[in-house]
1. Being buried (at least 16 other Cβ atoms within 10 Å of the Cβ) and either in a helix (DSSP H, G or I) or at pLDDT below 85 (or both) is true for just one of 56, 80. Which residue is that?
2. Which of the residues that make up region 59-77 are among the small types (Gly, Ala, Ser) and either touching a residue at least 24 places away in the same chain (Cβ under 8 Å) or assigned to a helix (DSSP H, G or I) (or both)?
3. Looking only at region 95-136, which residues are more than 13 Å from residue 79 (Cβ to Cβ) and in contact (Cβ under 8 Å) with a residue 60 or more places away in the chain?
4. Is it fair to say residue 132 is of a type in the set (Val, Ile, Thr), within 17 Å of the chain's Cα centre (by Cα) and modelled with pLDDT of 90 or more?
5. Go through region 137-183 and count every residue that is crowded, with 16+ Cβ neighbours inside 10 Å, more than 14 Å from the chain's Cα centre (by Cα), in a helix (DSSP H, G or I) and without any contact (Cβ under 8 Å) to a residue 40 or more places away in the chain.
6. Which residues, counting only those in region 1-25, are closer than 25 Å to residue 78 by Cβ and modelled with pLDDT under 80?
Amino acid sequence: MGDPIGGEQRGADDLGDPYESLEELRDAFVSLALEHGIDEVSISDIVERAHVRRESFAARYADKTDFVAEAFRTLIDDLSTRLELNTGPWTKVRTQLVELLYQHAGEHRDIYLVCLHGTCGSRARQEYQALVTRAAEENFAARVQALGTTPRVPIKVMAHVTAGAHLALLELWLSDELGYSVEEVAAVGLNLLICGMAWGHGLSLEEIELATQ
């Protein structure tokens with residue numbers, strides 16, 4: 001998309017609450033990205049749709065990548081707060097934590113779809129994966145300590161694998177290729193992570209040989 005011509009825009013002194021103006025810019029960006037593709041949307045397109053001067057945008061964000069990361073970060077902060085509020089016994093798998101990840105993505109589906117894709121979405125994707133990795137690592141470490149068990153695989157490795165698998169399944173779910181509800185996709189993700197690909201193939205652990213050496 002080329003730089004648009006015309007359109008009434010507000011001045012830098014009329015932006016008001018920075019969080020409110022960020023939301024307006026984000027909404028404009030998401031709608032444009034859904035219409036034309038994230039990499040086809042220019043800064044001029046965004047400010048024209050949001051009725052904000054380009055100078056005002058430039059004073060707050062270095063470039064489009066910086067803006068996308070900041071716009072998505074507000075959602076990440078909200079998600080992080082929600083994750084911290086979840087508690088439960090360590091002897092049970094905290095399914096509500098996984099369901100919460102998909103519920104949050106479902107509530108903000110368009111923003112997730114736009115911000116996790118395209119060349120300017122790499123920072124947003126990295127920050128989201130880092131959040132899930134950190135939450136998983138803290139959860140795993142607390143469980144091991146509470147139960148007094150010795151992990152067979154380093155907790156950091158398990159956390160990174162969990163976050164990577166979750167992100168892959170999340171993107172597939174958001175693309176509407178699966179048709180699962182929040183509860184269904186969370187259950188699939190949990191079963192794959194806990195029981196592994198044997199469960200996914202319809203096999204029991206007794207039906208396959210494990211390379212334990």
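The values are calculated or read from the model by the stated rules, or taken from the named source; none is laboratory data. Since this is a predicted model, take the numbers as computed values, not measurements. When we count neighbours, we look across all protein chains shown, and the Cβ atoms used for this are built from the backbone with ideal geometry, even at glycine.
1. Going through 56, 80 in turn, the sole match is 56.
2. Pass one, region 59-77, residues among the small types (Gly, Ala, Ser): 59, 62, 69, 71.
Those that are among the small types (Gly, Ala, Ser) and either touching a residue at least 24 places away in the same chain (Cβ under 8 Å) or assigned to a helix (DSSP H, G or I) (or both): 59, 69, 71.
3. Residues satisfying the conditions are 95, 109, 110, 113, 114, 117, 118, 119, 120, 121.
4. Spelling it out, it is not the case that residue 132 is of a type in the set (Val, Ile, Thr), within 17 Å of the chain's Cα centre (by Cα) and modelled with pLDDT of 90 or more.
5. 6
6. 15, 16, 17, 18, 19, 20, 21, 22, 23
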